[in-house]
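Below: the structure, in structure tokens.
Read-outs: derived from the displayed coordinates by stated rules, not from any lab. Everything numeric here is computed off the predicted structure, so don't read it as measured data. Virtual Cβ from ideal backbone geometry, glycine too; neighbours counted across all protein chains shown.
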There are 2 protein chains.
Amino acid sequence: MASDTPHRIVEATANLFQRNGYTGTGLKQISADSGVPFGSLYHFFPGGKEALATETLRWSGRGYATRVAAVLAEGPRDDLAATVRHAFDRAAEDLVATDYVDACPIATVALEVASSNDTLREVTAEIFGEWLQGLDAWLVAGGVPEDQARALSTLFLAALEGGFLLSRAARDPAPLHALGEQVAAQVAAALPTEPR
Amino acid sequence: MASDTPHRIVEATANLFQRNGYTGTGLKQISADSGVPFGSLYHFFPGGKEALATETLRWSGRGYATRVAAVLAEGPRDDLAATVRHAFDRAAEDLVATDYVDACPIATVALEVASSNDTLREVTAEIFGEWLQGLDAWLVAGGVPEDQARALSTLFLAALEGGFLLSRAARDPAPLHALGEQVAAQVAAALPTEPR
DNA sequence: GTCTATAATTTGATAGAC
DNA sequence: GTCTATCAAATTATAGAC
């Protein structure tokens, strides 16, 4: 169980998906990058590329949810808005530190398959849905009224995704930082103790 | 000048990019869809696929900017927030009406090439930059203070892009509608006449 | 079970007939 | 200039030796 072969495959696939997307990633390259013989890909993933992509997206989705949860836990418990800013700033830092590759591990593939592969589209939809549920719970735990949670979690996730898009294209962290401020303001406005 | 061949090529390429992305679109398919012989692709675009993609992205970028400007012009001139909601609602309608294909014509390709093709990445960055400038001007003309325009235009565009991502993945217009409300609220808060 | 070789197709790109 | 045929290399997938 030392070096789990299927896991090595998924890990290499996840890295390649982030840089080259789904159609841009070849199974030969996955074999080469992971050091796993080509035939083993079909031994462990009889469903071929689509099955491997499904597993990779789910694994990446869980990993990213964990990372975001950890960053949100770092922030001050009594200041949701400050924590939102912190999360966007950390996302921007990670992006710059990794030469603009370490963004959302789902988005590129999600857009690629949205109109061309219904199986994988559903997988990305499930992952985004779980992320939104997690953000809902975090917002409600922080004092946001339940009936406003989904709108704000949607804003949080969409702004993060849009920020990744704009920051990666421009190779500039500024969009992500600005979006952190904007989302934080909107979250603050939803808190019942907020002055009006 | 009746049926401009290079234009037919670009148009077919734009449609294929929206459904299958950059790496997912083959030149053979472009030739077939446009009805233009394969060799003509290299006659009109000697730079090959990258040159054709550059031209297609620029053409799609101008077209989408025009469409958004038209939608923004439809809204009430004295109510920026209502116009923002209207724009997101229209984007959602168009998305549903086209079976979730008619979203941003740049985003999919932008994410695909962000870490793999610097030439095309720069093209997408230029397009997003021009869009943001246009939104800045529209916001300022509507009464938003100049020093807040870029943050709000970034929120507008990022939320739209993130909304397209979430709505396409889930095949549900709800995220785009919710985001229209959120962005509208943030725009309203930036107007000097807004009550505080 | 591990791995190599190869099949069948498609890719981007060129050569060259007309 | 228009178009066909083809190239070399890539793709996903499979067969089968070890």
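Side notes on the structure shown:
- Lys, Arg +1 and Asp, Glu -1 on Cβ, resulting dipole of the range A:1-145 about Cα centre, debye, nearest 20: 280 debye
- Helix content alone sets the calculated 222 nm mean residue ellipticity of chain A: runs of n ≥ 4 DSSP H residues at -39500 (n - 2.57) each, divided across all residues, give -25500 deg cm²/dmol.
- Counting beta carbons within 10 Å around each of B:Val68, A:Val187 and listing the fewest first gives the order B:Val68, A:Val187.
- Nearest-0.05 FRET efficiency for B:Asp89 and B:Trp59, computed from C-beta distance (R0 22 Å): 0.25
- Comparing A:Arg90, A:Arg168, A:Arg77 in a Gaussian network model of chain A where C-alpha atoms under 10 Å apart are linked, the largest mean-square fluctuation is found at A:Arg77.
- Taking the centroid of alpha carbons for each part, the range B:76-105 and the range A:131-196 are 21 Å apart.
- Taking label positions 7 Å along the Cα-Cβ direction at both B:Gln133 and A:Glu146, the computed distance is 5.0 nm, reported to one decimal.
- Cut-off 13 Å between beta-carbons: net charge of the residues surrounding B:Pro37, Lys and Arg +1, Asp and Glu -1: +1
- Residues A:Thr23, A:Thr5, A:Thr193, B:Thr56 in ascending order of nearby Cβ atoms (within 10 Å, fewest first): A:Thr193, A:Thr5, A:Thr23, B:Thr56.
- The angle between the Cα long axis of helix B:80-97 and the main principal axis of chain B comes to about 40°, on a 0 to 90 degree scale.
- Among B:Ala184, B:Ala141, B:Ala53, residue whose mean-square fluctuation peaks in a GNM of chain B (springs only between Cα atoms under 10 Å): B:Ala141
- Highest-fluctuation residue, B:Leu57, B:Leu152, B:Leu111 considered, GNM on chain B with Cα pairs under 10 Å: B:Leu111
- At q = 0.06, 0.12, 0.15 Å⁻¹, base-10 log of I(q)/I(0) for the protein assembly as shown (Debye sum, equal scatterers on each alpha carbon): -0.24, -0.94, -1.40
- With a Förster radius of 41 Å applied to the C-beta separation of A:Ala189 and A:Glu50, the computed FRET efficiency comes to 0.45.
- With Cα atoms as the point set, the radius of gyration and Dmax of the range A:29-78 evaluate to 16.3, 53 Å.
- Rel. contact order, % - alpha carbon contacts under 8 angstrom, at least six apart, the range A:1-45: 41 percent
- Tilt relative to chain B, helix B:146-170 - C-alpha long axis, 0 to 90 degrees, to 10: 60 degrees
- On Cα atoms only, tilt of A:5-20 relative to the major axis of chain A in degrees: 60 degrees
- The ranking of A:Thr83, B:Thr108, B:Thr98 by Cβ neighbour count inside 10 Å, starting from the fewest, reads B:Thr98, A:Thr83, B:Thr108.
- Take the Cβ atoms of A:Asp118 and B:Ser40, set R0 to 35 Å, and the FRET efficiency comes out at 0.55.
- Size descriptors for the range B:1-156: radius of gyration and Dmax over Cα atoms are 17.4, 53 Å.
- Near B:Val140: Cβ cut-off under 13 Å, other residues only, Lys/Arg at +1 and Asp/Glu at -1. The net charge is -2.
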